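Readers should treat all values here as calculations from the given coordinates under stated rules, not as data from a laboratory. Remember, predicted model here, so these are calculated numbers, not experimental data. All Cβ positions, glycine included, derive from the backbone under ideal geometry; neighbour counts span all protein chains shown.
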Amino acid sequence: MRELSLHILDAVQNSIEADANRIYVKIREDFGRDKLIIEIEDNGKGMTPEFLKEVLDPFKTTRKTRHVGLGLPLFSAAAKNCNGDFKITSKKDKGTKITATFQYSHIDRAPLGDIVSTILAILCSDKEIDLFYHHQVDNKKFEFNTQKLKKILGNIPLANINAIKWLKSYLKYNFKELYKNGGV
Amino acid sequence: MPKIKSLEELRKLREETIKSMRVRKSTSTKITVGMGTCGIAAGAREVMHAILDELEKRKIDANVITVGCIGLCAEEPLVTIERGGQPGITYGKINVEKVPKLIEEHLIKGDIIDEWVISRG
């Protein structure tokens, strides 16, 4: 995938398929330690230790619509190709946590890309979910969660076209602020 | 539309939308975009955003929803349009360039683009 934000979208789709309704996405861009860390944690149905061992094998998948699951192997390869690391921990019926670490300055590291589009695509999911987003660039932080948003929106659904329009504007502005002094 | 910098501004705009929602009847048009690994790799996220932009440009009210893989990976990006309780029409290999024509023909003129359809109902 051309952007890390596409891997994030893909991993969150896994969480949604695993019946999670709380999904945490945490991104940390640490220029000092030359690291980019992406964490995705959910409260979905989790995996058994047996399945967890095989989850990075592209020919293992729980899905019934096709026989290969390429999402996590691709994400893992992207991290490992950048002098990084990829970890999955999971507990049956509790949830799953993915941590992908990249060398920030690595020549092969894909850009984070269009994270606003990724967030909006997550919010348009057909499942009822709450997203908790936390993004840190050096010492600047941006946080938002859909529980707060839903409270403000009241009876307007998040996927309402006006709500999406506002969110796009809100997210774009805040990311611009986040990257004002440097960043990619 | 004004730039929204904080959630407080969102709260203010909400009132305006509720007013406009009362004027318009709630929509029965649903557009579904496949967002599995296969869809994402084929450009589904960009297609979804092109659809949102096109709906906004043409002032069409519709719900845009993302779903996981349905098993037609080779045909991704997949877009299904359902209108007014009628069975959905699924289009395959939709890209950003095809989106304006898709919206124009299917949602404005009410014509199905047969050569792009991969499944009906």
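Place a label point 7 angstrom from the Cα of B:Ile118 along the Cα-to-Cβ direction, then list the residues of the stretch B:84-112 whose backbone nitrogen is under 12 Å away. Only B:90-95 pass the distance filter. With the helix formula -39500 (n - 2.57) applied to DSSP H stretches of n ≥ 4, chain B reaches a computed 222 nm mean residue ellipticity of -10000 deg cm²/dmol.
In deg cm²/dmol, rounded to 500, what helix-only [θ] at 222 nm does chain A give when every DSSP H run of at least 4 residues adds -39500 (n - 2.57) and the total is split over its residues? Taken over chain A, the calculation gives -10500 deg cm²/dmol. With a ≥ b ≥ c the root eigenvalues of the C-alpha gyration tensor of the stretch A:4-178, is it rounded (a/c under 1.5), prolate (a/b larger than b/c) or oblate? Taking the square roots of the gyration eigenvalues as a ≥ b ≥ c, the stretch A:4-178 is oblate. The C-alpha atoms of chain B define a longest principal axis, and helix B:7-23 lies at about 70 degrees to it.
How many percent of all Cα-Cα pairs in the stretch B:24-83 sit more than 17 Å apart? In whole percent, the share of Cα-Cα pairs in the stretch B:24-83 beyond 17 Å is 37. Within the same chain, lysines fewer than 8 places from A:Lys91 are excluded, and of the rest, those with a Cα less than 17 Å from its Cα are A:Lys45, A:Lys53. The distance linking the stretch A:103-171 with the stretch A:78-100 is 21 Å (Cα centroid to Cα centroid, whole angstrom).
Here the gap between B:Glu105 and B:Ala74, fully extended at 0.36 nm per residue and compared with their Cα-Cα distance, gives a gain of 8.7 nm.
Close amide H contacts of B:Thr29 (hydrogens built in the peptide plane, cut-off under 5 Å, sequence separation of 5 or more or a different chain): B:Asn63, B:Gly84.
A Förster radius of 51 Å, combined with the Cβ-Cβ distance separating A:Glu54 from B:Ile18, puts the computed FRET efficiency at roughly 0.55. Each Lys or Arg adds one and each Asp or Glu subtracts one; over the other residues with Cβ under 12 Å from the Cβ of B:Glu8, this totals +4. For chain B, the longest principal axis of the alpha carbon atoms and the long axis of helix B:44-57 meet at an angle near 50°. Expressed as a fraction of 2.2 N^0.38 Å, the C-alpha radius of gyration for the protein assembly as shown is 1.01.
Mean partner shielding of peptide A:174-180, defined as the number of other chain Cβ atoms within 10 Å of each residue Cβ, is 1.
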